[in-house]
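Below is one structure, written out as structure tokens; comments come after it.
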Amino acid sequence: MLWIQFGNIKEGRYKDFQAWTKKNEGLLEKHAPPGWAYRGTFGTVLGFGRYNVAVMMECNKYGDFDALRDHKDETWDRLNEEATDFFLPGEAEAMLLREVGDVKVLEPKKPKK
């Protein structure tokens, strides 16, 4: 599953965020919680989209969110605290995607004729 977190960067902080991200991507990969993989931080271009940035993480099962919540790693916590400082509060959105072949589909029952 791909967890995408969207957000907007505070005015005048985008270059700092870009530099911080480049510097810390290796640590985000190395210190990710069990069951999680950091897949990158992406910025919107040419004004497309409502948000400046999308952070992508991958996991395999819903239980990995418990591992994320319970993860005790000083470096991981520090990086997330630092990253939070770049974002505008209250201007975020997230989505969770699963490969379409693995999505549980429930169709309405067809009426009997």
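Any residue in the range 35-50 that is out of contact with any His (no Cβ under 9 Å at 6 or more places or on another chain), among the charged types (D, E, K, R), without any contact (Cβ under 8 Å) to a residue 12 or more places away in the chain and more than 16 Å from Glu91 (Cα to Cα)?
So far as the range 35-50 goes, no, none of its residues is out of contact with any His (no Cβ under 9 Å at 6 or more places or on another chain), among the charged types (D, E, K, R), without any contact (Cβ under 8 Å) to a residue 12 or more places away in the chain and more than 16 Å from Glu91 (Cα to Cα).
Somewhere in the range 80-101, is a residue of a type outside the set (Ser, Thr, Tyr), in contact with an Asp or Glu (Cβ under 6 Å, 6 or more places away or on another chain) and at pLDDT 95 or above? Spell out how you get there, then give the answer.
So the first thing to find is which residues in the range 80-101 are of a type outside the set (Ser, Thr, Tyr), and the list is 80-83, 85-101.
Now narrow it down to the ones that are in contact with an Asp or Glu (Cβ under 6 Å, 6 or more places away or on another chain): none.
Taking every residue of the range 80-101 in turn, none turns out to be of a type outside the set (Ser, Thr, Tyr), in contact with an Asp or Glu (Cβ under 6 Å, 6 or more places away or on another chain) and at pLDDT 95 or above.
Return the residues of the range 4-61 that are over 16 Å from the mean Cα position of the chain (by Cα), aliphatic (A, V, I, L, M) and at pLDDT 95 or above; say none if nothing qualifies.
Ala19
If I filter the range 77-92 for residues that are free of Cβ contacts under 8 Å to residues at least 40 places away in the same chain, in contact with a strand residue (DSSP E or B) (Cβ under 6 Å, 6 or more places away or on another chain) and either in a loop (DSSP other than H, G, I, E, B) or of a type in the set (A, V, I, L, M, F, W, C) (or both), do I get at least one hit?
No; the residues of the range 77-92 include none that is free of Cβ contacts under 8 Å to residues at least 40 places away in the same chain, in contact with a strand residue (DSSP E or B) (Cβ under 6 Å, 6 or more places away or on another chain) and either in a loop (DSSP other than H, G, I, E, B) or of a type in the set (A, V, I, L, M, F, W, C) (or both).
Looking at (1) over 24 Å from Gln18 (Cα atoms); (2) of a type outside the set (S, T, N, Q); (3) more than 16 Å from the chain's Cα centre (by Cα); (4) modelled with pLDDT of 95 or more, which one does Leu106 not meet, given that it meets all the others?
The number of the failed condition is (4).
The values are calculated or read from the model by the stated rules, or taken from the named source; none is laboratory data. This structure is a prediction, so every number in the text was calculated from the model and none was measured. As a convention, Cβ positions derive from the backbone with ideal geometry for all residues, glycine included, and neighbour counts pool all protein chains shown.
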